[in-house]
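Here, each number is a calculation from the coordinates, and none is a lab measurement. Quick caveat: nothing in here was measured; it's all calculated off a predicted structure. Positions of Cβ are generated from backbone atoms using ideal geometry, with glycine treated the same way; all protein chains shown enter the neighbour counts.
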Amino acid sequence: MLEISPAIKNLEKEDIADNLLHYVYNTKHLLSLIKKGIDLDDPSYLSSYRSFEGEVYENFIYEKLLRYAEENDYITKFVLKGFHQGKCKAYANTLSISEKEQIVYRTKSREISEFDAMFLTKNNELYFVEMTLVKSVLKLRRRLRKKKALLEIIFPNYTIKSLIILNEGATGAKQFPSYCKVWFTKEFSAAEVLEYITKLDKQKLLPKDKINSKKMIEAHMLKLHPFRYYNTMSWITKTIRANKKYVIDMNFLMTEKVQRYHDLYNKFYVGFLTVKEMKNILHLKEGEYSEEQRVVVALEKKHSDEIVVTYYIQTTRKNLYLYSFNDAKVVKEKKDPYGITVTEVFHINKLMNESYLLSISQVNTIKKLLKERFKRESQKPNEK
């Protein structure tokens with residue numbers, strides 16, 4: 001079974017040679033701070049160092065998992081990454097290796113999810129691995145749902161589970177879902193790796209120690225169920241508005257299949273209003289946007305499983321703003337111009353013709369339906 005080995009728990013490094021020093025680390029910013037002689041207690045240094053240390057920890061644990069998988073009969077296949085895998089290009093709409101040599105699922109232009117490690121077991125389980133040094137795991141728990149949903153969609157014949165590897169002292173581990181197995185290691189330090197990187201007179205490294213085993217496979221070798229990210233998103237938008245008797249088709253929205261997609265996408269787009277109609281509701285400034293500018297209406301699934309209405313205004317291809325509500329207060333957020341949401345809204349705006357135009361009254365009806373549904377669901381006995 002999957003029980004942590006003493007070698008992993010105690011962070012023993014004797015069996016990985018100099019492999020940790022063969023990885024390429026993103027240290028440009030950290031090294032610039034060191035060169036400036038910035039104080040080690042400075043917040044900017046601490047932030048940069050923690051990011052670097054997280055990279056090193058991930059590589060260290062991956063090296064240990066490689067050897068653990070080779071010796072553990074419960075694990076049947078283990079996905080290679082980094083310098084352990086062949087130089088394969090990143091394929092679209094499948095699992096493959098990114099330019100940074102990470103395991104990713106991507107569309108033609110965007111990465112959807114990245115996985116620290118992945119393996120199969122003799123019980124037909126597919127485990128994705130998350131390893132982190134953060135002390136609070138709230139954000140990690142939020143990421144898990146999206147990754148699990150994606151894997152359930154593209155690997156419907158496997159039971160999807162997750163192995164979470166944390167440092168001692170991490171909080172919130174008991175709140176992980178039942179499909180998670182949690183391991184704790186001793187406190188980790190990347191000081192030796194940083195010392196090697198900053199040395200001018202570097203030691204000669206031992207050759208890369210690679211594992212030769214039939215268990216080891218390339219990411220693209222895993223056979224998956226066909227899935228097209230934007231096609232599926234378009235299908236959901238069309239279907240959720242297809243029943244002309246209702247503003248949105250709640251029965252369709254709440255099916256198990258569609259809610260799995262909701263876990264992946266996090267939000268569905270269901271129509272649009274105009275800035276003119278939403279000016280007062282969103283507290284928009286005079287002249288901030290054209291009055292005929294579209295305000296795209298989305299159904300966002302929160303971590304609590306409550307579905308709420310949010311709004312997007314896209315002024316240019318890369319310029320997108322999210323408007324949401326926090327205790328009745330309007331919150332405006334500029335979205336990452338290179339993030340997936342920018343591309344989604346651009347895509348969905350091209351899809352939606354005038355038949356997708358909503359009124360304020362219809363949006364209020366949607367809010368009411370969602371609130372009533374969540375209230376009913378939250379009153380049911382917890383069967384998990």
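Cα centroids of the stretch 261-294 and the stretch 148-218: 40 Å apart.
Comparing mean-square fluctuations of 175, 85, 102 from a GNM of the chain with C-alpha springs under 10 Å, the top value falls on 175. With bins 10 Å wide beginning at 0, the percent of Cα pairs of the stretch 229-378 falling in each bin runs 10, 44, 37, 8, 0. Using a simple spin-label model with pseudo-atoms 7 Å out from Cα toward Cβ, residue 143 and residue 38 lie 2.2 nm apart.
Summarising the amide proton neighbourhood of residue 76: residues at separation of 5 or more, or on other chains, whose placed amide H is nearer than 5 Å comprise 120, 121, 122. Modelled label positions at residue 328 and residue 259, each set 7 Å beyond Cα in the direction of Cβ, lie 3.0 nm from each other. Among 354, 277, the order by Cβ neighbours within 10 angstrom, fewest to most, reads 354, 277. Given the options 286, 168, 218, which has the most mean-square fluctuation in a GNM of the chain, springs set between C-alpha atoms less than 10 angstrom apart? Checking each option, the largest mean-square fluctuation is seen for 286. Counting only residues at least eight positions apart within a chain, or on another chain, the aspartates and glutamates with an alpha carbon under 17 Å from that of residue 108 are 99, 344. The C-alpha atoms of the chain occupy a region whose extents along the principal axes are 69, 53, 40 Å, arranged from largest to smallest. Note on residue 374 and residue 108: with the Förster distance fixed at 30 Å, the Cβ-Cβ geometry gives a FRET efficiency of about 0.25. Test of understanding: in a Gaussian network model of the chain with alpha carbons linked when under 10 Å, which of 318, 267, 64 would top the mean-square fluctuation ranking? Highest fluctuation of the listed residues: 318.
List residues of the stretch 1-26, by number, whose backbone nitrogen lies under 13 Å from a label position 7 Å along Cα→C-beta of residue 122. Residues 1-2 qualify, since their backbone N sits under 13 Å from the label point. Distance from the alpha carbon centroid of the stretch 300-370 to that of the stretch 231-258 works out to 16 angstrom.
With neighbours defined as other Cβ atoms within 10 Å of a residue's Cβ, the residues 84, 225, 347 order from fewest to most as 225, 347, 84. In the neighborhood of residue 183, defined by Cβ-to-Cβ distances under 11 Å, what is the net charge if each Lys or Arg adds +1 and each Asp or Glu adds -1? Value of the local net charge: 0.
Only helical runs count toward this figure. For the chain, summing -39,500 (n - 2.57) over DSSP H runs of n ≥ 4 and dividing by all residues gives -10500 deg cm²/dmol at 222 nm.
Taking 7 Å steps out from each Cα toward its Cβ at residue 29 and residue 178 produces label points 4.0 nm apart. Net charge of the neighbourhood of residue 203, taken over other residues with C-beta under 13 Å away and scored Lys/Arg +1, Asp/Glu -1, is -1. Cβ crowding within 10 Å, taken as a proxy for footprinting-reagent exposure, orders 325, 227 from fewest neighbours to most as 325, 227.
Cross-link reach is defined here as a Cα-Cα straight distance under 16 Å, omitting same-chain residues fewer than 8 places apart; for residue 204 the aspartates and glutamates meeting it are 18, 192, 195.
One chain, two ends: residue 208 and residue 232. Fully extended at 0.36 nm per residue, the span grows by 4.4 nm beyond their Cα-Cα distance.
Using the Cβ-Cβ distance between residue 100 and residue 73 with R0 set to 30 Å, the FRET efficiency works out to roughly 0.40.
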